[in-house]
Amino acid sequence: MTRYDTVIGLEIHVALLTQSKFLCSCRASFGAPPNSQCCPVCLGLPGTLPLINEKAVEYATKAGLALKCNINHYSRFDRKNYFYPDLPKAFQITQDAFPLCNDGYLEYYVDDQLVRTAITRIHLEEEAGKLIHSGESIVASEYSLVDYNRAGIPLIEIVTAPDIHQPKQARLFLEQLRLLMSYIGVSDTKMEEGSLRCDANISLKPSGSPVLGTKVEIKNLNSFRALEKALEYEEIRQSQVLDSGAKVRQESRTWDDRAGKTVSMRSKGDAPDYRIFPEPDLPPLNLDPVWVELIAASIPELPLERLNRLEGEYGLSRYEATFLVNYPDFGELFLELADSGLDCKTVVNFLMGDYARLAREKGHLDSERIAGLFQILDERLISQTQAKEVLDALFSSPQTAREIVKDKGMEVVGDPERLRPIVHQVLEANPQLVERFKLGETKLHGFFVGQVMRATQGKADPEAVNALLQEELVN
Ligand SMILES: [Zn+2]
């Protein structure tokens, strides 16, 4: 029995995959030499004016639609002022009072339960630069380097309602959100490169109480694991504080991955006053409803829809369908193969088996070459064991499965019309043994199979030979 209810809300920053930055025409790509992708606009030099990148608005709108939000036809930009070396303008352009999207939700599975987390809002803003400290932290550093390539890249901030109730659920939410963003193609969602980042709020309240407890914000959660671990740590820490009769301090904490704990950054009293006011250099956004409709029409099948379809229409298990949804490249390949008439279970077992290992090392085969392998298996040209050898060869040569089998001389003779004369020959060459068999010496069956195998240099399909012998000897 738990004494406390956990209440978690998330704020997720997603870098949008536009070619140029949000408010200038600098390239937005990752990994260029430091400070090689900056201009007077993103460096905030006096006299420059920003211009909105339409693609960023399109991607933010697409994200909002995929998260079932209202898309506000009027939204506005604001200046959030603060001094920090990663912010060359000393203010960030964001959306405060009038965000682009609000009131959406995301559905996902926690264990076998479909749950829904409300999305309070999504707004557009610009990214800050990147600081590289010479030491472990800014305080322990002799000097810090700053790279403004990242400054001005478009971001969306997605804010959830505080309706997540366990650390694991928070992780599953974030995993599903990441998958959704990659399905709609608005972000590369690489947590390790910072294009998907998450902050979490967590508070505890007495079980069943309607009053929320004091919340603590955790920053610097750079992986799914860090998110779950940090929240688990905070649950324990806060429950111990409450058990001791003390109050939880409202503060920001950071996750120290190496120490495996959260560390206090600043209390609420130290929080900066951002002096937010409407951005004078940008007009409000007035979206044309027809334009929004066009974006809505461009949204592909989303992860949960695909999961439902794979289970419902293709009869896959949750486990199989989840695999294909989580690895959309495998999912696409499955759909191509299954829609070409191949048996769904055979295809999914194949894709999740040896194929998955080989494809991860060497990249995918195209669906036609895979279908070719299924075809010759279906014709019983090769055995299941030989299929593994052919599969290996498919990854290292441009040949079709049929060509590989021919070149290696490995085809199995499974065609009864080709095998029947050989069976006849064997039986005619051994009339006495046939007599003995008919008188009840059934163990001679194995001898006849062996003779057929010898006559075909081992290429006869044993099952087909069995069936033919049965036919010839019993009748
Ligand atoms: Zn620029």
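The values are calculated or read from the model by the stated rules, or taken from the named source; none is laboratory data. Computed from a prediction, not measured in an experiment: that's the story for all the values here. Cβ coordinates were reconstructed from backbone atoms using ideal geometry, including for glycine residues, and neighbour counts include every protein chain displayed. Areas reflect the complete protein model, heavy atoms only, side chains present, ligands, DNA and RNA absent. Shrake-Rupley method; radii C 1.70, N 1.55, O 1.52, S 1.80 Å.
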Do we find a residue being within 23 Å of the chain's Cα centre (by Cα) and either outside the structural domain of residue 148 (by TED's automatic domain parsing) or β-branched (Val, Ile, Thr) (or both) anywhere in segment 85-106?
no
Residues of segment 402-417 classified as within 20 Å of residue 464 (Cβ to Cβ) and touching a helix residue (DSSP H, G or I) at 6+ places or on another chain (Cβ under 9 Å), total
9
Among the residues of segment 269-287, is any surrounded by fewer than 15 Cβ atoms within 10 Å (Cβ to Cβ), more than 30 Å from residue 22 (Cβ to Cβ) and not aromatic (Phe, Trp, Tyr)?
yes
Residue 43 being hydrophobic (A, V, I, L, M, F, W, C) and over 22 Å from the mean Cα position of the chain (by Cα):
yes
Enumerate the pairs (first residue in segment 87-104 and more than 12 Å from residue 157 (Cα to Cα); second residue anywhere and assigned to a strand (DSSP E or B) and hydroxyl-bearing (Ser, Thr, Tyr)) with beta-carbon separation below 8 Å, excluding pairs fewer than 6 apart on the same chain, so at least 6 apart or on different chains.
98/74; 98/75; 103/120
Would you mind listing the strands (runs of 3 or more DSSP E) fully within segment 23-129 where at least 1 residues are within 16 Å of the ligand (Cβ to nearest atom) and open to solvent by less than 60 Å² (accessible area, probe 1.4 Å)?
91-94, 113-126
Restricting to segment 308-352, name every residue that is closer than 22 Å to residue 388 by Cα, open to solvent by less than 10 Å² (accessible area, probe 1.4 Å) and not small (Gly, Ala, Ser).
324, 330, 334, 337, 347, 348, 351
Taking the options 146, 159, name whichever one is in a strand (DSSP E or B) and within 16 Å of the ligand (Cβ to nearest atom).
146
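Residue by residue, here is whether (1) in contact (Cβ under 8 Å) with a residue 12 or more places away in the chain; (2) outside the structural domain of residue 322 (by TED's automatic domain parsing); (3) of a type in the set (Val, Ile, Thr) holds:
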site: 126; (1), (2), (3): yes, yes, no
site: 140; (1), (2), (3): no, yes, no
site: 144; (1), (2), (3): yes, yes, no
site: 150; (1), (2), (3): yes, yes, no
site: 159; (1), (2), (3): yes, yes, yes
Sole residue being part of a loop (DSSP other than H, G, I, E, B) and at pLDDT below 95, chosen from 132, 138
138
With the first residue restricted to segment 33-44 and required to be among the small types (Gly, Ala, Ser), and the second required to be in a loop (DSSP other than H, G, I, E, B) and more than 7 Å from the ligand (Cβ to nearest atom), Cβ contacts under 6 Å at 6 or more apart or on different chains are 44/88; 44/89
Could you tell me whether segment 200-218 includes any residue that is more than 30 Å from residue 242 (Cα to Cα) and in contact with a Ser or Thr (Cβ under 8 Å, 6 or more places away or on another chain)?
no
If you check 452, 434, 474, which single one turns out to be over 30 Å from residue 354 (Cα atoms), of a type in the set (Val, Ile, Thr) and surrounded by fewer than 13 Cβ atoms within 10 Å (Cβ to Cβ)?
474
Looking at 172, 177, which is the one that is more than 20 Å from residue 219 (Cβ to Cβ), in the same structural domain as residue 117 (by TED's automatic domain parsing) and in a helix (DSSP H, G or I)?
172
Could you say whether any residue in segment 356-376 is surrounded by fewer than 18 Cβ atoms within 10 Å (Cβ to Cβ) and in contact with a Lys or Arg (Cβ under 9 Å, 6 or more places away or on another chain)?
yes
Residue in segment 11-22 that is nearest to the ligand (Cβ to nearest atom), counting only those that are open to solvent by 20 Å² or more (accessible area, probe 1.4 Å) and over 20 Å from the mean Cα position of the chain (by Cα):
20
Please pick out the residue among 236, 218 that is open to solvent by less than 60 Å² (accessible area, probe 1.4 Å) and within 32 Å of the chain's Cα centre (by Cα).
218
Take residues that are among the β-branched types (Val, Ile, Thr) and touching a residue at least 12 places away in the same chain (Cβ under 8 Å) and tell me which of the strands (runs of 3 or more DSSP E) falling wholly in segment 195-310 contain 2 or more.
216-221
